[in-house]
Amino acid sequence: MIYPAIVKLMIVSQLFFTLSASQTEFSDPELLHRVETTQKIVAFTFDDGPDPLYTKQIVQQLTSHHAHATFFVIGRKVAQYPNIIKYEVEKGNEVGNHSFSHDLHWSSPSAVQEIKLTQEQVYRATGIYPKYFRPPMGIINPLIRQAAKQAHLRIVLWAWDQDTRDWNGRIASSITQHVLDHIHPGDIILFHDGASKQTNTVQALKVLLPALERKQYRVVTISELLQLSK
Ligand SMILES: [Zn+2]
């Protein structure tokens, strides 16, 4: 069908709005993506672990700079590597729920099930139930909202300009530069410890953590960020 240019433009902009609204709802106050504060604090978050190769290296980096993070874990991997998330918690980090399978094809029973199974796996490994949920790819829909609510989990995303895209093979120096260029008190920053080969993430932290120390930023968990910003 042939549309006049203005109609085409309307269709394209409507499509863009629909896609962006369903995938990243940064203006929705129910979804935590940053906090308002004047204190120099930021929350680091790592998704898609635990990973047998990279997670411990990341925890060691954080520990050596007195920093803590929230790890949004995949339940299936927790079942495989319970000792790794036990180690995260022992070092003062926090564990969040990132679904059981990281499957994007949600339906109501499976969304509830995915969350519940992961809660159980994390509890079994650490004795603590997660308080936060981050849906795979940050995709939000009414079923996911309902499932998180039912499990008493708060949905946590990330600051719109603090997606480091470290899962995409971005080199360490540009991950570091991206975070430093966009840093703002109260930011929640998105990294990965288990999405792909995260050597770049480990390397970036070696430069980024001392750089943030020099800027007098504290790197904290989501719970600490919420507590300190009150
Ligand atoms: Zn993920």
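The values are calculated or read from the model by the stated rules, or taken from the named source; none is laboratory data. Values in this document were obtained by computation on a predicted structure and should not be read as measured data. Methodologically, a virtual Cβ is constructed for each residue, glycine included, from the backbone with ideal geometry; neighbour enumeration extends over all protein chains shown. With ligands, DNA and RNA removed, areas are computed over all heavy atoms of the protein, side chains included. Shrake-Rupley method; radii C 1.70, N 1.55, O 1.52, S 1.80 Å.
Quick look at the numbers
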{"read-out": "Check: the chain dipole with +1 on Lys, Arg Cβ and -1 on Asp, Glu Cβ, in debye", "value": "220"}
{"read-out": "Karplus-derived 3J(HN,Hα), 6.51/-1.76/1.60, for each residue of the range 163-179, Hz, glycine and proline x", "value": "8, 6, 6, 6, 6, 9, x, 4, 6, 3, 5, 7, 5, 4, 5, 4, 5"}
{"read-out": "FRET efficiency for ASP103 and LYS215, using Cβ-Cβ distance with R0 set to 41 Å, rounded to 0.05", "value": "0.60"}
{"read-out": "Helix-only [θ]222 nm of the chain, DSSP H runs n ≥ 4, -39500 (n - 2.57) each, per residue, nearest 500", "value": "-14000 deg cm²/dmol"}
{"read-out": "Net length gained if the chain between HIS152 and GLN177 were fully extended (0.36 nm per residue, minus Cα distance)", "value": "5.4 nm"}
{"read-out": "Nonlocal amide H pairs with VAL95, under 5 Å, H built at 1.01 Å", "value": "PHE71"}
{"read-out": "Spacing of the two label points (7 Å from each Cα toward its C-beta) at HIS65 and ARG165, in nm", "value": "2.2"}
{"read-out": "3J(HN,Hα) from dihedral phi, the range 71-85, Karplus parametrisation 6.51/-1.76/1.60, rounded to Hz, x for glycine, proline", "value": "9, 8, 9, 9, x, 4, 6, 5, 4, 7, 10, x, 5, 5, 6"}
{"read-out": "Lysines with Cα under 28 Å of LYS77, excluding same-chain neighbours fewer than 8 positions away", "value": "LYS56, LYS86, LYS91, LYS116, LYS131, LYS149, LYS197, LYS206"}
{"read-out": "The range 205-223 versus the range 113-182: alpha-carbon centroid distance in Å", "value": "20"}
{"read-out": "Extension reserve of the LEU53-LYS116 stretch, reckoned as 0.36 nm per residue once the Cα distance is removed", "value": "20.0 nm"}
{"read-out": "Label-to-label distance, nm, for residues given as THR38 and LEU143 (7 Å Cα→Cβ offset)", "value": "4.6"}
{"read-out": "Share, in percent, of DSSP beta bridges within the range 31-228 that are antiparallel, nearest 5", "value": "5"}
{"read-out": "Residue-count net charge about PHE71 - beta-carbon cut-off 11 Å; Lys, Arg +1, Asp, Glu -1", "value": "-3"}
{"read-out": "Among GLN227, GLY169, LEU143 - extreme Cα towards positive end, dipole of the range 31-228, charges at beta-carbon", "value": "GLN227"}
{"read-out": "Built amide H within the under 5 Å cut-off of HIS33, gap 5+", "value": "LEU157"}
{"read-out": "Cross-link partners of LYS230 among aspartates and glutamates (Cα-Cα below 13 Å; sequence separation of 8 or more within a chain)", "value": "GLU36"}
{"read-out": "Surface accessible to a 1.4 Å probe, per residue, for the residues of the chain, Å²", "value": "51"}
{"read-out": "Accessible area of the range 31-228 belonging to carbon and sulfur atoms, whole % at 1.4 Å probe", "value": "53"}
{"read-out": "Integer Hz, Karplus 6.51/-1.76/1.60 couplings in order for the range 200-208, x for Gly and Pro", "value": "4, 5, 4, 5, 4, 4, 4, 9, 5"}
{"read-out": "Built amide H within the under 5 Å cut-off of ALA43, gap 5+", "value": "ASP187, ILE188, ILE189, VAL220"}
